[in-house]
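For reference, the structure is listed below as structure tokens.
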Amino acid sequence: MMRRVLPLALVLYAGYASAFSVGMSLPQLRSGARSARSAMPLRMKAAEPAVAGSKLTFTQEMRNKAMSLHTFSQAPKEGKARDTSANTVVDQWQTTKEDFLQFLTDSLVVYEAFEVALQKPELQLLRNSGLERVVGLKTDIAFVKTKYGVAATSPSPAAIEYAKYLQMIETPVFVCHFYNYYFAHTAGGRMIGSTVMNTVFDGHLFQFYQWDRDVKEILAEVKGKIDVIANTWTREQKDASLSATPDTFQKAGSLLRVLVGKARDRAARMMNRVETKAGIITKVSTSPYASRKAAWDL
């Protein structure tokens, strides 16, 4: 059975997981009629610069921390890290319906864990925000299994581990995971979803990538609520929250490996662009993009 290759040039989660560059346009779906639910052009508004001398809100601090971990290819305008690994320089992905069903199944486990953790009294402001994904994921999982006859799969160890972890962490750290996980899905997550839906599922619009109203309005509301919660924290608690940002990338990124890691491995091997040892990629050729932007690196 022929596998389809997804040509993605700059579509990469930071460390597999963070939000994509704010301001990137989402390619239009091939399907004729787009859903009325959040059917506006999928473009995130760039954060407005803070007024000189003004104090940053905590969500502005969170965004700055997240962007500092983006590479130049992930966020050409704001990325601060160099492209040094296969995670950020490979320009082709490959996925299958089975891979995507695994990703949906893993995502469901994690989103359910977030919903459970949000029952803590100190997090009540973040309940029923409009960003919830559980119902949509269940619908999409049933669709893939019924429509295409794809066998059900069990959650991966990475998904189970992340779900358990979310129940154990302190509130400031949890809010960091909540912010990066949910907000990334509305940006880079939709870019990935658009490509998969168009290339693998003939333009079918999954519920996972739809919201009941303008997602930009929802995000603005949620950011305000996070700031209200963070205003009750000490500076030390805020710093602990910000320090968890790299971990949010790693843990969320572990779920995307079914789409990114395996696909990168297959595509790179097909193009003889990698060196391997014991089945593990040890070196990846420099991508055309990395070569072109080399002069920009300081």
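The values are calculated or read from the model by the stated rules, or taken from the named source; none is laboratory data. Only a predicted model underlies this, so the values are computations on that prediction, with no experimental measurement involved. No Cβ is skipped: glycine too gets one built from the backbone with ideal geometry, and neighbour counts run over all protein chains shown. The area values use the complete protein model at the heavy-atom level, side chains included, leaving out ligands, DNA and RNA. Shrake-Rupley method; radii C 1.70, N 1.55, O 1.52, S 1.80 Å.
Sort out which residues of region 232-255 are among the hydroxyl-bearing types (Ser, Thr, Tyr) and either touching a helix residue (DSSP H, G or I) at 6+ places or on another chain (Cβ under 9 Å) or assigned to a helix (DSSP H, G or I) (or both), and write them in order of number. Selection gives Thr232, Ser241, Ser243, Thr245, Thr248, Ser254.
A quick yes/no check of all residues on (1) open to solvent by 30 Å² or more (accessible area, probe 1.4 Å); (2) not charged (D, E, K, R):
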{"position": "Gln119", "(1), (2)": "yes, yes"}
{"position": "Leu137", "(1), (2)": "no, yes"}
{"position": "Ile141", "(1), (2)": "no, yes"}
{"position": "Lys145", "(1), (2)": "yes, no"}
{"position": "Tyr148", "(1), (2)": "yes, yes"}
{"position": "Pro157", "(1), (2)": "yes, yes"}
{"position": "Ile169", "(1), (2)": "no, yes"}
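With respect to the conditions (1) among the polar types (S, T, N, Q); (2) within 30 Å of Thr59 (Cα to Cα); (3) modelled with pLDDT under 95; (4) loosely packed, with under 13 Cβ neighbours inside 10 Å, Thr276 lacks only one, and its number is (2). The helices (runs of 4 or more DSSP H) found entirely in region 171-231 that carry 3 or more residues being in contact with a strand residue (DSSP E or B) (Cβ under 8 Å, 6 or more places away or on another chain) are 188-199.
Matching residues to (1) in contact with a His (Cβ under 9 Å, 6 or more places away or on another chain); (2) closer than 25 Å to Met67 by Cβ; (3) open to solvent by less than 70 Å² (accessible area, probe 1.4 Å):
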site: Leu104; (1), (2), (3): no, no, yes
site: Val116; (1), (2), (3): no, no, no
site: Glu122; (1), (2), (3): no, no, no
site: Ala163; (1), (2), (3): no, no, yes
site: Gly189; (1), (2), (3): no, yes, yes
site: Asp212; (1), (2), (3): no, no, no
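Only residues that are assigned to a helix (DSSP H, G or I) and either over 18 Å from the mean Cα position of the chain (by Cα) or modelled with pLDDT under 95 (or both) were counted in region 147-160, giving 3. Residue-level check: of (1) open to solvent by 20 Å² or more (accessible area, probe 1.4 Å); (2) among the hydroxyl-bearing types (Ser, Thr, Tyr); (3) over 17 Å from Gln94 (Cα atoms), Tyr179 misses just (1).
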